[in-house]
Amino acid sequence: MFKIVEKTYFSPKVVRLVVEAPEVAKARRAGHFVIVRTGEGGERIPLTIADADIDAGTITLVVQAVGLSTEKICALNVDDSLTDLVGPLGRATDVGLRDGTVVCCGGGVGVAPLLPIIKAFKDAGNRVVSVLAARNRDLIILEDEVREYSDEVVIMTDDGSYGRKGLVTAGVEEVLNREHVAEVVAIGPPVMMKFVALLTKKYDVPTVCSLNTIMVDGTGMCGACRVNVGGKMRFVCVDGPEFDAHQVDFDEMIMRMRAYDAPKNNAK
Amino acid sequence: MTIENNSGRDSAVREKLRKALSAKERTAIPRQTMPTLDADYRRHSNEEVNCGFTADQAQIEATRCLDCPDPGCVKGCPVAIDIPGFIKAVQTDDIAGAYATLRRTSALPAVCGRVCPQERQCESKCIYNKMKKEPVAIGNLERYAADTARGRHIGENTPAAPRNGLKVAVIGSGPSGLSFAGDMAARGYDVDVYEALHQIGGVLKYGIPEFRLPNSVVDYELEGLRRAGVHFHTDTIAGKTLGYDDFLDMGYSGIFVGSGAGLPRFMGIPGENLIGVMSSNEYLTRINLMGAGRPGSDTPVLKGRSVAVIGGGNTAMDSARTAVRMGAERVVIVYRRSENEMPARAEEVRHAREEGVEFRTLCNPVEYIGDENGRVVSARLQRMELGEPDASGRRSPVPVEGAVDTVEFDQVIVSVGVSPNPLVPSSIDGLETERRGTLVVDENLRTTLPLIFAGGDIVRGGATVILAMGDGRKAAAAMAAQIESGR
């Protein structure tokens, strides 16, 4: 079950895994995620779905080794299996024909869950401009796939080693200034989404973000993923993962992401 | 198996037992007390607190039962177990007979014997109450019969019922689903149980702690269901992984939804999103399902020094007693009414108190205060007093003006109830829900889609294991009748 059939490295810490999960491959839509567990003592962690192949019965996951569980997953090889994989979870992206450009901006591994959304908006007949951002050239992932489904791709790196030097917001603002943008989709580190939201608020352009918070079950049971959206408590797993970025309290979310960080807490 | 042996009240065995002692002699016997682990030891151990009756105790307690001609206890049981029947079998050490009697109406006797609120059900209707004496310890005897049957491997060789060539699906592997599955398997159906989590058992696994219901007990019951023809599928969410159409394509003659009341409620007060404030579901799931705090588990858990648990139900007691075992120096139950109104079982409250849990009743949190890192450091607790009775018949608490205390806590576990899980209802078109999210069902537990029945907390909104199991039974009978009438 959930056998890994393909493994490639985007960078030493970012791995692309193609995993057997025929039912999930069939049922998933852009925006969905899965919960994955590795090993008998394994933690349940959410991972977004980057792609799926219904015929092959596989889904693609992009995993960045940032902690115990993601390191374990990244260490798996072809023919190893994930102990558990369940999904697709969350609500699918609300995709349709917009009356203007759709700007899809992704930071770091956030480009992975963004890819199916880019595809879906393109398939719906939209003009799609994608803005990919990372610290440096090596951390820009899935560029070819994104180009395939985008009318235009803007690349931003912090150090200027590839594309233009600057933050993702500079790339988005350039598009906002030159054409009519109907919607922005932002997926990446919380602080990146926060600043994209602040920018697009200024331009009054509807903006959707996809949140990846701490979860346990992923089905609405535990509430660990709760966020403040427009003053209301919402669960990322069942109410999200996508929300109106202008309504999300990113500061609180960023704070809550540190709940189990060492060493200032008493976890474990 | 000796199923129909002594079971009739008119049988010679039962009559002989009744004549062996006078009612006066029987009622003079004191109720037996189940041995428990020492409270100090418990504070550092996850072992089951209640140790079960000894064989001698079980015989003595079973002797107390008067074998009434019109037993009230049976009416007090949501699944109408033949209580005098199994108790008299215990009295003669006919454990096979006792177990078979229990299994006729309950898929999980070892579970019910542990977690049912007998004091509000069967035992509250026992004739002894009318004599101002303590009722027969029915729950403890049920547990004894089930545990002893397990120890003696009774029932393990019972062949599965002949297959009828039909199959049904169950969504959720908690008490209602398991009860439904057991009954349908006994009728000859092939039963596929689909569970969202990676372990089977639902609330029995993620919710109720090991010290109250050991996983080995649940696993044994699951093994029995497997032998009877029930197939379990983990990591599958109905409505997500598999849609309604998928279930139809797979040829199921009926679907039972027992997806439970999974969604934790919060109170909507300031500071509830601070780090260290969490639902009891999150806290218990991390520890019970994920094994957090045990060697080899990757799942982290916050271990507070001073822990407040908000609420007065069994889940609140489970959380508080778990926090004690996780090493908290101080654990305080904060409950807005008085102890008389607490929904938790008296035994749970007593055990919690024995283990050092403090109770702050007539007290309600109004705000949590955090430090510069967003971690909770204290709670502002509003003192309450009891006013007029509310819709539930309990006197409703009203704030005492100006009486707010600030108490230091570095962890707060919110245990103020759950709502039905919307995952299944929202993913199947045509499945109607009530205003509060529970599924609409008719008197036979059939939903607004004819092939789908439902029971347990997804219908009730938050009840007990035994009521959920009763629903599973009832739905099984109704679905089987529907399928068989249509053949």
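The values are calculated or read from the model by the stated rules, or taken from the named source; none is laboratory data. Since the structure is predicted, the reported quantities are computational estimates derived from the model, not experimental observations. FYI the Cβ positions are ideal-geometry reconstructions off the backbone, even for glycines, and counts take in every protein chain you see.
Numbers below:
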| read-out | value |
| --- | --- |
| Tally, over region B:83-137, of residues that are in contact with a helix residue (DSSP H, G or I) (Cβ under 7 Å, 6 or more places away or on another chain), among the charged types (D, E, K, R) and part of a loop (DSSP other than H, G, I, E, B) | 2 |
| For B:Phe256: the one exception among (1) touching a helix residue (DSSP H, G or I) at 6+ places or on another chain (Cβ under 7 Å); (2) over 30 Å from B:Asn140 (Cα atoms); (3) free of Cβ contacts under 8 Å to residues at least 60 places away in the same chain | (3) |
| Hits in region A:39-54 (condition: among the charged types (D, E, K, R), surrounded by 19 or more Cβ atoms within 10 Å (Cβ to Cβ) and within 19 Å of A:Glu6 (Cβ to Cβ)) | A:Asp51 |
| Residue under evaluation B:Asp390, criteria (1) within 14 Å of chain A (Cβ to nearest Cβ); (2) touching a Ser or Thr at 6+ places or on another chain (Cβ under 6 Å); (3) not aliphatic (A, V, I, L, M), criterion not met | (1) |
| Every pair of residues 6+ apart whose Cβ atoms lie under 6 Å, when the first sits in region A:30-52 and is within 11 Å of chain B (Cβ to nearest Cβ) and under 16 Å from B:Ser297 (Cβ atoms) while the second is surrounded by fewer than 24 Cβ atoms within 10 Å (Cβ to Cβ) and among the acidic types (Asp, Glu) | A:Arg37/A:Asp84; A:Gly41/B:Asp298; A:Gly42/B:Asp298; A:Glu43/B:Asp298 |
| Checking B:Ala391 against (1) of a type in the set (A, V, I, L, M, F, W, C); (2) out of contact with any strand residue (DSSP E or B) (no Cβ under 8 Å at 6 or more places or on another chain); (3) in contact (Cβ under 8 Å) with a residue 24 or more places away in the chain, the condition it does not meet | (3) |
| Filter result (more than 11 Å from the chain's Cα centre (by Cα) and touching a residue at least 60 places away in the same chain (Cβ under 8 Å)) within region B:461-485 | B:Gly461, B:Gly470, B:Asp471, B:Gly472, B:Arg473, B:Ala475, B:Ala476, B:Ala477, B:Met479, B:Ala480, B:Gln482, B:Ile483 |
| Residues satisfying the stated conditions in region B:338-373, i.e. surrounded by fewer than 20 Cβ atoms within 10 Å (Cβ to Cβ), within 14 Å of chain A (Cβ to nearest Cβ), modelled with pLDDT of 95 or more and in contact with a Lys or Arg (Cβ under 9 Å, 6 or more places away or on another chain) | none |
| Single residue of B:Tyr283, B:Tyr220 found to be touching a residue at least 60 places away in the same chain (Cβ under 8 Å), within 11 Å of another protein chain (Cβ to nearest Cβ) and assigned to a helix (DSSP H, G or I) | B:Tyr283 |
| Region B:295-317, residues that are at pLDDT below 95, more than 18 Å from the chain's Cα centre (by Cα) and more than 8 Å from every other protein chain (Cβ to nearest Cβ) | B:Pro295 |
| Residue in region B:239-268 that is farthest from the other protein chains (Cβ to nearest Cβ), counting only those that are part of a strand (DSSP E or B) and at pLDDT 90 or above | B:Gly254 |
| Filter result (in contact with a Gly (Cβ under 9 Å, 6 or more places away or on another chain) and more than 19 Å from B:Lys205 (Cα to Cα)) within region B:228-243 | B:Ala228, B:Gly229, B:Ala238, B:Lys240, B:Thr241 |
| Residue check for B:Lys132: outside the structural domain of B:Asp246 (by TED's automatic domain parsing) and among the charged types (D, E, K, R) | yes |
| Candidate set from region B:389-425 (those that are at pLDDT below 95 and among the hydroxyl-bearing types (Ser, Thr, Tyr)); member that is farthest from the chain's Cα centre (by Cα) | B:Ser396 |
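Residues checked against (1) in a loop (DSSP other than H, G, I, E, B); (2) surrounded by fewer than 18 Cβ atoms within 10 Å (Cβ to Cβ):
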position	(1), (2)
B:Arg380	no, yes
B:Ala391	yes, yes
B:Asp405	no, yes
B:Val412	no, no
B:Gly430	yes, yes
